[in-house]
Amino acid sequence: MLSKITLIAAFCALFTLFELNSSPAGAFSSGPFASRSGAPALGGFPQETSCVECHTGTANSGGGTFTITAPANYSPGQSVPVTVTINQAGRALFGFELTALNDQGQKAGDLVSNDGRTQLVNGMGGFAGRQYIQHSFSGIVANTPNQNTWTFTWNAPAQNAGRVTFYASGLAADANGSVSGDLTYTISRSINSGSTPAPLGQFASASAASFAATVPLTADGIVAGFGSGLSANTAFATTLPLPTSLGGMEVIVRDANNQTRNAGLFFVSPNQINYLVPTGTANGVATITVRRNGADIAQGAANIDTVSPGLFTANVSGQGVAAAVILRRSNGVDTFEPVAQLNSAANRFDPIQIDLGTDADQVFLIAFGTGIRAAPQSAISATIGGTPSPFVVVAAAPNFAGLDQLNILIPRSLVGRKLLDVVFTAAGRPANTVQISVK
């Protein structure tokens, strides 16, 4: 099925006249507030308000006409002329607002003002990321008797985006000094892409810690997604909260309850995107869609569960020595030590033997994972070399999205055991096995 982009045009109450100290003034003569297009609820976005938000009456009851003129088809990257016309007998003031959205309610393509009768504004709050074109002060007066027309350009996305639908809501004001008597209209019109969209590429997601393809993901879990031809460039996030758009790339998660959310992005590259499953993603099968410059390019599915532990490893493979440090508590003093060192000849990290010190020392393995934080403390455990640890605590790591920290006390009975497996379990699910070495 072709994906759909929605161009939502609104002609709102942009110029109500009122009297203040016996002097008339135009409330919206220089342009309405953004996000008054009347766009329907799409993806995670709520429905936008329209002209009837501020003006009395019932839409489409005034006997006027309201039309949208555009080509029957468009091609990717094409500059598409769009003309909006509203006609109402006895009226001389009109205005409009328009936005171009895809099926998920996000900005698609770019709107361009061609003259001084229109202007561009950006959405805010719950509608941040959307772009709008609306009348300017010089564009409110009818350009022919009882009628106003605006022509502007919509630049289609660079990638084929399927059907485009224009939704419009408009108003003709009577300039009587109040909101009564103004007339609102709504209309929609669809055009189609001139070519068949390319099939979506494959996008496979796995825990960025374990890389196990068969285990579930979790809300607030760090994920590595793999495909081909994803991003044109490599880009890294540099801020928290994580951006939901990076290098023109987006990852959209539609959960088992059909709720759609944008994932935070750690980095994007041609063959891999690391992302954070959005908070609130429901358990069950989720659809993961990759979008580049407003067009869907790849898609996959992933099972979501409450807890699915994965431990990071030094070699970023899900196997071998843990990505961890040692916390040594000796005579009331805490020090940190590495558990791995780079073997440059083999181009890998090898374990460093951990000295458990004297009987008075406590030595903790500070490991890192993801998909763990929702497990109750009573449901977590760890063994090292088959020996249960007497103390295991898990918490969200500070200042890093999706990262969980594990504090595991290393039993002194392991002295001299050398290379040992660390097996961590949360809510009955084992994580990938990692290793340390004890002197």
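Throughout, read-outs are computed from the coordinates displayed, never taken from laboratory work. Just so you know, these numbers come straight off a predicted model, no measurement behind them. All Cβ positions, glycine included, derive from the backbone under ideal geometry; neighbour counts span all protein chains shown.
The table below gives the values:
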| quantity | calculated |
| --- | --- |
| Length-normalised contact order of region 4-193 in % [C-alpha pairs under 8 Å, at least 6 apart] | 34 |
| Charge dipole magnitude, Cβ of K and R +1, D and E -1 - the chain, Cα centre, debye nearest 20 | 580 |
| Between region 57-105 and region 159-217, the alpha-carbon center distance in angstrom | 16 |
| Exposure proxy ranking, count of Cβ atoms within 10 Å, fewest first, for S113, S37, S79, S389 | S79, S113, S389, S37 |
| Share of pairwise Cα separations in region 201-304, more than 22 Å, in percent | 18 |
| Quotient of C-alpha Rg and 2.2 N^0.38 Å, computed over region 71-157 | 1.17 |
| Residues S75, S378, S231, sorted so that the one with the fewest Cβ neighbours within 10 Å comes first | S378, S75, S231 |
| Residue with peak Gaussian network fluctuation, the chain [Cα springs, cutoff 10 Å], from A72, A219, A375 | A72 |
| Label-point separation in nm, F336 to N233, each point 7 Å along Cα→Cβ | 3.2 |
| Euclidean distance of C-alpha centroids, region 367-439 and region 278-355, integer Å | 13 |
| Calculated log₁₀ intensity ratio I(q)/I(0) where the Debye formula runs over C-alpha points of region 4-193, q = 0.15, 0.16 Å⁻¹ | -0.80, -0.91 |
| Shape of region 310-438, Cα gyration tensor, a/c cut at 1.5 | rounded |
| Integer Hz, Karplus 6.51/-1.76/1.60 couplings in order for region 170-186, x for Gly and Pro | x, 9, 10, 8, 9, 6, 8, x, 8, 7, 6, x, 7, 10, 10, 10, 9 |
| Hz values of 3J(HN,Hα) by residue in region 406-413 - Karplus curve (6.51, -1.76, 1.60), Gly and Pro given as x | 10, 10, 10, 6, 8, x, 5, 5 |
| Highest to lowest packing among 207-215, 353-361, 270-278, 93-101, scored as the average C-beta count within 10 Å | 93-101, 270-278, 207-215, 353-361 |
| Of (i) 183; (ii) 312; (iii) 142, the label for volume of the Cα convex hull per residue in Å³ derived from the coordinates | (i) |
| Farthest positive-ward along the chain dipole, Cα basis, beta-carbon charges - from N432, V179, Y167 | N432 |
